[in-house]
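Structure first, commentary second.
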Amino acid sequence: MKVGYLGPKATFTELAVKKVFQGYEHEPYQTIPASMDAIVDKEVELAVVPIENALEGSVNITLDYLTQEVQIPIIGEITLPIKQHLMVHPDNQEKWQDVSKVYSHSHAIAQCHKFLHNHLKGVPFQSVSSTAAAALMVMEHPDLKIAAIANELAAQEYGLSIVKRNVHDFDYNHTRFVVLSKKELDFQAISGSTHYKTTLMVTLPSDRAGALHQVLSAFAWRKLNLSKIESRPMKTGIGNYFFIIDLEMKVDEVLIPGAIAEIEALGCGVTLLGSYPSVMVSLD
């Protein structure tokens, strides 16, 4: 089987893939949408893409593409600790403070704001498609005094020197990745996880006051624990939103189906995006 992921090689997404999908073929793609499209185009059987970071919140392109462009079930979730390092080309290691620009993914730059402000104040930064793409850029341009923020695997893959380790602003820095597939694969057997989650997409009727309160009540009186609720624009006009809701349990035969039926009776639309095992892995 082949697993697609946000590339190039040595992204945090590849780290997550390597931790869980050992023995599978791994195929990098340049963007998150391209990783999902690879399933639709039958280039891969699974795709792993980032969906949320503990410091910077949701990855909107993942949520929007998954809910509005493609219909691919979520079959699993991987949570990975994130450690960001500042790295330069070995030729520029001695005078790394003189870098003229710092490259990384926009989330990684935001995660390291305090470090950049305190140690590289005034140095401009530029967002690229991934942390690994930033490392690749530094490797390909040894003549430029530029730096990348990326992980240790990227430094090894592209032959860069880490000049400052753990430059993220907060110690608890984790990213959630979703595993997508149209095939009925047993992610529980692959990951060994026994913890399950369920993700729903809910749209509200436009002319019903208090609809969101009633939706939440359908979960509350059944004592269904929600770990997350987030609104996203429907892109049909200002004020039009849908909601992504995560529940801390697997779809059962009574409680969640009953909640969905009650919500639909209110005139809401409900889509099951997935009921799946969730696993946390380490960098060790």
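No value in this document is a laboratory result; all are computed from the given coordinates. Values in this document were obtained by computation on a predicted structure and should not be read as measured data. Here Cβ is always computed from backbone atoms with ideal geometry, including for glycine, and neighbour counts include all displayed protein chains.
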For residue 227, what residues show an amide H to amide H distance below 5 Å, using hydrogens built from the backbone and excluding near sequence neighbours? 246, 247, 248
The size of the Cβ-based charge dipole (Lys, Arg +1; Asp, Glu -1) of the chain about the Cα centre, to the nearest 20 debye, is 560 debye
Considering amide H positions built from the backbone, and no H for Pro or chain starts, which residues 5 or more places from residue 241, or on another chain, come under 5 Å of its amide H? 234
In segment 1-140, if every C-alpha pair distance is counted and binned at 10 Å from zero, what percent goes to each bin? 11, 39, 31, 15, 4
Highest mean first, what order results for 118-126, 183-191 on Cβ atoms within 10 Å? 183-191, 118-126
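Assuming 0.36 nm per residue, please report the length gained on full extension of the stretch residue 156 to residue 67 beyond their Cα-Cα distance.
Details: separation 89, 0.36 × 89 = 32.04 nm, distance 3.57 nm.
Result for the pair: 28.5 nm of gain on full extension.
Where the only charges are on Cβ atoms (+1 Lys, Arg; -1 Asp, Glu), what is the dipole of segment 196-276 about its Cα centre, to the nearest 20 debye? If you can, show how the numbers build up before the last one.
On the way: 8 positive and 8 negative charges, 40 e Å.
That gives a dipole near 200 debye.
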Taking the convex hull of the Cα atoms, report for segment 142-283 its projected area averaged over all directions, in nm². 13.8 nm²
Packing-wise, with mean Cβ within 10 Å as the measure, how do 42-52, 67-77 rank, highest first? 42-52, 67-77
So how compact is the chain: Cα radius of gyration and Dmax in angstrom? 20.6, 66
Of the listed peptides 235-246, 145-156, what is their order by residue-averaged count of other C-beta atoms within 10 Å, with the highest listed first? 145-156, 235-246
Can you give me the C-alpha center-to-center distance between segment 156-189 and segment 256-284, rounded to a whole angstrom? 24 Å
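Relative contact order for segment 162-249: what is it in percent, counting Cα pairs under 8 Å that are at least 6 residues apart?
Numbers: 76 pairs, mean separation 26.8, N = 88.
Here the relative contact order equals 30 percent.
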What distance in nm lies between label points placed 7 Å from Cα along the C-beta direction at residue 100 and residue 231? 4.5 nm
Taking segment 2-131 and dividing mean pair separation by its residue count, relative contact order in percent (alpha carbons under 8 Å, at least six apart): 23 percent
Using only the alpha carbons, work out the radius of gyration and Dmax of segment 85-164 in angstrom. 10.8, 29
Would you kindly derive the ³J(HN,Hα) couplings of segment 245-261 from the backbone phi angles with the Karplus curve 6.51 cos²θ - 1.76 cosθ + 1.60 (θ = phi - 60°), listing them in order in whole Hz, with x for Gly and Pro? 10, 9, 10, 8, 6, 7, 4, 9, 9, 10, 5, 5, x, x, 5, 4, 4
